[in-house]
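Everything on this sheet refers to the single structure shown next.
The values are calculated or read from the model by the stated rules, or taken from the named source; none is laboratory data. These numbers come from a predicted model, not from an experiment. Cβ atoms come from the backbone with ideal geometry, glycine included; neighbour counts cover every protein chain shown. The area values use the complete protein model at the heavy-atom level, side chains included, leaving out ligands, DNA and RNA. Shrake-Rupley method; radii C 1.70, N 1.55, O 1.52, S 1.80 Å.
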Amino acid sequence: MLKNRNFVQQIKFMDNNLIIYNTLTRTRERFEPIHPPFVGMYVCGPTVYGDPHLGHARPAITFDLVFRYLVHLGYKVRYVRNITDVGHLEHDLDEGEDKIAKKARLNQLEPMEVAQFYADRYFLYMNELNVKRPSIEPRASGHMIEQIALVQKILDAGFAYVVNGSVYFDIKKYNEKYQYGKLSGRVLDDMMSNTRELEGQDEKRNPADFALWKKAQPEHIMRWPSPWSEGFPGWHLECSAMGMKYLGETFDIHGGGMDLLFPHHESEIAQSTAAIGHESVKYWIHNNMITINGQKMGKSLGNFITLEEFFTGTHKALEKAYSPMTIRFFILQAHYRGTLDFSNEALQAAEKGLKRLLTGMETLKKLAPAAATQPARLSDDIRELKQSCYSAMDDDFNSPILIAHLFEGVRIINSLTDNKETLAAEDLEQLKSIFDIFVTDILGLTDETSGNQDELVDGLMQLILSLRKNVREKKDFETSDKIRDELQKLNISVKDTKEGPSWSKG
Ligand SMILES: [Zn+2]
């Protein structure tokens, strides 16, 4: 405890003004972590049975933004995002075939082969989108012991029952003591009357009950031994079990897409509360969906466009290819709680906007400081701009407002290029720091046209120029001129100066 207190003294600067919209309380709340400077964040990750699509990009980028900002504020964040490789049945209900097992059966693969393949694809494309890897990426199949122990805890507490080797959560019993539906605002009576009767539902005492453990049918490949039967865990179970394992019984943030609010997150709350007697999560954060012609985009709906198709432009709905950073910028241009509708026009507008922002940043890097800031008010403008950027992020991670402020910064940069206005060294550094912090570190936007590419070109040019120097030393001017002329054709001009040869584009 003493160690913690020292930490708290050290991190006074972290007194933040961050406001988060908490889905659980439906209010905007000041962010006060349970054990500062530590923050625990759990986000529901992908079910790995298909190629990552645009619908996967939004939650990944949303919580990447949250993660990056909390780290920037000085918090020590443990970010856990799971990989669902078992137990997620078709139609998100308790009946049907496991999504991964189905894919494996159709392709004659081992289910774990399917999970490994698509998990790798997911990481690959998230990397392209510059999404940072979480601290821990646990897999459901690797946490059977924890899940079985959690089912036992819920049974011992009297909120579950066993029928024919399957274990079901008793929602009615739970609702007598706690409240089922508090996250989604649903009322149990409505849920009971609206639940469709499905095959196998007869095992349940109540149609709204959900499976904690399912006995495997003979044809079911993915199965594990348990005290109740050879079977597999219910889909909601892994997140309760792994969240508490890695972040403790209570932790700060739980995130995911709005489509997971019910029944997944509602059931997670019920499971954890039934097992430990109190709630586990302080702030629930949900990102809204990406729609295509106003309809949710998803694999199960068959109207999705994969990230690979976006990056290569190989889908009939796409007019051209869109780069990873264009997709990232497109997503960040909307607030995470608002809907975002896909269209070629919107993506092309994002592409233009991103280019304007990054070109401004590139210009800024080349600006030299002046003796004085002219007009003097620019100093205040820049200071206020930085404050406005922080205020936008503090306002429930409002990235579109942040981006609007950054465009004000681009306007300042453009006014400096024609020397109508100037900045002294200190103000120039301030302006540079705004772009470094907010564009690079927090929004995670990188210039895809420069960077490695520039380094490569520079390296190649140094090699060519040193070879040219060798032939000139041997008085082979014919070869030396040929090199210069061929480079000229590529729009690269070489000048021989007293300090040696130099090159430039154009
Ligand atoms: Zn989950």
#### Entry: Estimated D of the chain in µm² per second, where Rh is the Kirkwood radius over Cα pairs and Stokes-Einstein applies at 4 °C, 1.567 mPa s
50
### Query
So how do 327-339, 47-59 stack up, highest first, on mean other-Cβ count within 10 Å?
47-59, 327-339
### Query
Using a 1.4 Å probe, what is the accessible area per residue for the chain, in Å²?
48
### Query
Which of the lysines could be linked to Lys474 by a straight reach, that is with a Cα gap under 22 Å, when you skip same-chain ones fewer than 8 residues away?
Lys482, Lys495, Lys498
### Summary
Output ordering of 113-123, 418-428 (per-residue mean of other Cβ within 10 Å, highest first) is 113-123, 418-428
### Query
Sorted by packing (mean other beta-carbon atoms within 10 Å per residue), highest first, where do 362-372, 246-256, 221-231 land?
246-256, 221-231, 362-372
## Note on the structure
For Lys320, the lysines lying under 20 Å Cα to Cα, once residues fewer than eight places off in the same chain are dropped, come out as Lys352, Lys355
### Query
Which ³J(HN,Hα) values in Hz, rounded to whole numbers, follow from the phi angles of segment 249-266 under the Karplus curve 6.51 cos²θ - 1.76 cosθ + 1.60, where θ = phi - 60° and Gly and Pro get x?
5, 10, 9, 6, 10, 10, x, x, x, 4, 5, 8, 3, 9, x, 4, 6, 4
### Message
Pairs of alpha-carbon atoms within less than 8 angstrom and 6+ residues apart define the contacts here; what relative contact order does the chain have, in percent?
### Response
15
### Message
Quick check for me: using +1 on Lys/Arg Cβ and -1 on Asp/Glu Cβ, what's the dipole size of segment 280-353 about its Cα centre, in debye to the nearest 20?
### Response
300
## Note on the structure
The answer for Val39, listing residues at least 5 apart or on another chain whose modeled amide H is closer than 5 Å to its amide H, is Lys76, Val77, Arg78
### Query
Could you give me the ³J(HN,Hα) list for segment 305-320, computed from phi with Karplus coefficients 6.51, -1.76, 1.60 and θ = phi - 60°, whole Hz, x at Gly and Pro?
10, 6, 5, 4, 4, 5, 6, 10, x, 9, 10, 4, 7, 9, 7, 7
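Measure off, as a whole percent, the carbon and sulfur share of the 1.4 Å-probe accessible area of the chain, all protein chains present. Please report the intermediate quantities before stating the final value.
Numbers: 12250 of 24220 Å².
Carbon-and-sulfur percentage of accessible area, whole number: 51.
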### Under Karplus coefficients 6.51, -1.76 and 1.60, residue-wise ³J(HN,Hα) of segment 177-184 in Hz, glycine/proline x
9, 10, 10, 7, x, 5, 6, 8
### Query
Once amide H atoms are built 1.01 Å from N in the peptide plane, which residues 5 or more positions from Ile492, or in another chain, come under 5 Å H to H?
Gly506
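Whole number please: convex hull volume per residue of the Cα set in segment 413-506, in Å³?
So the per-residue Cα hull volume is 151 Å³.
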